[in-house]
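J.: The structure is given below, and queries will be raised subsequently.
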Amino acid sequence: MTFLVISCQSLKTAVYDQYSYQQAISLKVESDAIIDHATTPFRDHINVITGLRMDLKKLVEYEKNKPNNSISYAMLQLLENEDRNLLGGFLKRWEEEQQLSEAFTKEAKAQIMEAFDLIIKYEAEKNKTNETNILNFLEK
Amino acid sequence: MDFEELLKLIKEELIRVLGESYAEYKEEAKEDIDAFLESSKVKLERWTNLLVSTELTVKDYEWLVKSQKDILVLEALYAAGASKRRLGHLKNKIIKTVVETVIRVVL
């Protein structure tokens, strides 16, 4: 019985959250615009970058405290982590080197945008899962 | 530079390196190698060309290959769920071997 309860618990997924979805899209658009400036000195953009880091941190904290949300939380942590190689790591490298090459910025930006797309898609899929569950329930 | 030849070399090197360290995960290791190389092929080719033309530095190249690993981790999370897959050491070993092989062959 205990095993059954644990198994069911592990299969649960957080419900679709419009706030998470909107915030992820907003962060993607914001990041897209900021990354384009990485070929110029970091210090010239310190205020917007601090704002972006803060918005990302807020979303990670929000996801952390939602029940049955380990996947979204892990995905956002990966995006934010300065020691990995997505948004957090990119901003850290820009700060350390002050200015990045055009070729690197373009390629890194494509990687970061792809990461955002996966996170946004995952949140949107929760909507479909919920919809399917409701339809299945109504058809019974 | 023949990129197909380079990919073949990377794969052989990965099988050799991972075969020694991960004999018990042989099948899983092969799947990881194939998944990594297949989904990364176009990007690796573009980045390798940019490295050869010196538009990317070795540090840039290494950063991008590692970012590809992070994308694959995100894909794995998306597809399978965080606790269902082994995501750690094996993929780190793949990245290290890819970068070392490319640097040895093209630089």
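Just so it is clear, none of the values below were taken in a lab; they were calculated from the coordinates. The structure displayed is predicted, hence computed values, not measured ones. Here the Cβ is made from the backbone with ideal geometry for all residues, glycine too, and neighbour counts use every protein chain on show.
J.: Between residue A:57 and residue B:30, what is the FRET efficiency for a Förster distance of 51 Å, r being their Cβ-Cβ separation, to the nearest 0.05?
T.: FRET efficiency, residue A:57 to residue B:30: 0.85.
J.: Taking each residue of A:98-107 in turn, how many C-beta atoms of other protein chains fall within 10 Å of its C-beta, and what is the average?
T.: Partner-chain Cβ atoms within 10 Å, mean over residues of A:98-107: 4.
J.: Per residue of A:67-75, how many C-beta atoms from partner chains lie within 10 Å of its own C-beta, taken as a mean?
T.: The shielding value for this peptide is 3.
J.: Sticking with the crude label model, points 7 Å out along Cα→Cβ, report the distance from residue A:68 to residue B:57 in nm, one decimal please.
T.: Inter-label distance under the simple model: 4.8 nm.
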